[in-house]
Amino acid sequence: MKDPLVVNDLLSQEDYDRLLLALANPKSFEYSAGFSRYCIADNSLPILKELADKLVPKAREAFNSEGLLPTYALFAHYEGQDPEPSLYKHKDDNACTYTLDMCVYQVEPWDLFVDDKAYTLYPNQALAYYGNDQWHWREKFPNPETNHVAMIFFHFAEPDHWYFTKGPDYLRVIRGEITEDEWNNR
């Protein structure tokens, strides 16, 4: 595993501008109280899937993988003070072998920690790290009464990953919601 890597100018200026237009009203997206964020996935916002596909060459270079493919992408807009946005220390359980964690916009940076090291990202920068294998989190949200931070999580995996061989719904087995036998007999 390589150390996390900051990727500058993740998107072309044209794609970045188109993305900002598509995200003009982030509070219209679903609110997740657990993280105090508004979010939307690529299956509901097609530009996220389009950009993930365009990012394959950069992801392959960052992770030194000739075969990785996009799994899913998620946009998240964090703000507020009741409750304050948070991201507890965790490793991902979904199809997040490789992650490009992109800063879209912010008032003040909210550092991302990966394996005990802080990374400060600015708009159109991303951090390349291994979401399933490296601990990652964020500490206290800076100035919750005035701040907002938006991120996109672009995730990738190898073609033999369960996401591709069994399908995205296999996550239910990974999370222990159903057994392998129940999955096979559905």
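The values are calculated or read from the model by the stated rules, or taken from the named source; none is laboratory data. This is a predicted model, so every value here is computed, not measured. Ideal geometry is used to build each Cβ from the backbone, glycine not excepted, and the neighbour counts take in all protein chains shown.
Points to keep in mind about this one:
- Looking across 160, 92, 101, 169, one residue alone is charged (D, E, K, R), within 19 Å of residue 37 (Cα to Cα) and either at pLDDT 95 or above or touching a helix residue (DSSP H, G or I) at 6+ places or on another chain (Cβ under 9 Å) (or both). It is 101.
- Per the listing 62, 41, 73, the residue uniquely crowded, with 21+ Cβ neighbours inside 10 Å, closer than 20 Å to residue 24 by Cβ and of a type outside the set (Lys, Arg) is 73.
- Taking the criterion of being basic (Lys, Arg) and under 15 Å from the mean Cα position of the chain (by Cα), the residues of segment 28-72 that qualify are 37, 49.
- Residues in segment 18-38 that are of a type in the set (A, V, I, L, M), in a loop (DSSP other than H, G, I, E, B) and surrounded by fewer than 19 Cβ atoms within 10 Å (Cβ to Cβ): 2 in all.
- Only residues that are without any contact (Cβ under 8 Å) to a residue 24 or more places away in the chain and not in a helix (DSSP H, G or I) were counted in segment 156-186, giving 9.
- Any hit, segment 145-155, residues being without any contact (Cβ under 8 Å) to a residue 40 or more places away in the chain and surrounded by 15 or more Cβ atoms within 10 Å (Cβ to Cβ): no
- Criterion (among the charged types (D, E, K, R) and either more than 17 Å from the chain's Cα centre (by Cα) or crowded, with 16+ Cβ neighbours inside 10 Å (or both)) met by exactly one of 9, 15: 15
This table checks each residue for (1) of a type in the set (Gly, Ala, Ser); (2) under 30 Å from residue 57 (Cα atoms).
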| site | (1), (2) |
| --- | --- |
| 130 | no, yes |
| 154 | no, yes |
| 169 | no, yes |
| 173 | no, no |
| 176 | yes, no |
